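First comes the structure, then the notes that go with it.
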Amino acid sequence: MLRYSAHIRSLIYGAICITLFVLNYQQTSIQPVLYGLLLFFSFSSAIMAHNHNHSPMFKSNFLNHAWSHFLSFFYGHPITVWTPVHNRNHHT
């Protein structure tokens, strides 16, 4: 299913992102620690998007597209928009 065992770390970070998002959503007021952790792990989605751009995580195209949508949610905009800019700035 995964291309490399190192991608397990990205799945764990993704699970933490979802968990923190749900926990923050359930609170009636801002919880600084939970919110700070969510910000950190959401920022980490940029790194996961970068890695996913270079080496797709899954052997399945469907799962790679689903992971791209997941990362886009936490990244703040579709990572497919980011790809051409990344390639122009990072690979020239």
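Residues in the stretch 1-12 that are open to solvent by 70 Å² or more (accessible area, probe 1.4 Å), within 21 Å of residue 75 (Cα to Cα) and in contact (Cβ under 8 Å) with a residue 24 or more places away in the chain: 0 in all. Taking the condition in contact with a helix residue (DSSP H, G or I) (Cβ under 7 Å, 6 or more places away or on another chain), among the hydroxyl-bearing types (Ser, Thr, Tyr) and open to solvent by less than 50 Å² (accessible area, probe 1.4 Å), does residue 68 pass? Yes: the conditions hold for residue 68.
A Cβ distance below 7 Å, combined with a sequence gap of six or more or placement on separate chains, defines the contacts here; from the stretch 43-67, residues that are among the small types (Gly, Ala, Ser) reach residues that are part of a helix (DSSP H, G or I) and open to solvent by 20 Å² or more (accessible area, probe 1.4 Å) in the pairs 44/13; 45/74; 45/75; 46/75; 49/75; 49/82.
Just one of the listed residues (34, 63, 71) is at pLDDT 90 or above, within 9 Å of the chain's Cα centre (by Cα) and among the aliphatic types (A, V, I, L, M), and it is 71.
Restricting the stretch 46-60 to residues that are more than 18 Å from residue 90 (Cα to Cα) and crowded, with 16+ Cβ neighbours inside 10 Å, the residue that is farthest from the chain's Cα centre (by Cα) is 58.
The values are calculated or read from the model by the stated rules, or taken from the named source; none is laboratory data. On a predicted model such as this, the values are computed, not experimentally measured, just so you know. Here Cβ is always computed from backbone atoms with ideal geometry, including for glycine, and neighbour counts include all displayed protein chains. All accessible areas refer to the heavy atoms of the entire protein, side chains included, with ligands and DNA or RNA removed. Shrake-Rupley method; radii C 1.70, N 1.55, O 1.52, S 1.80 Å.
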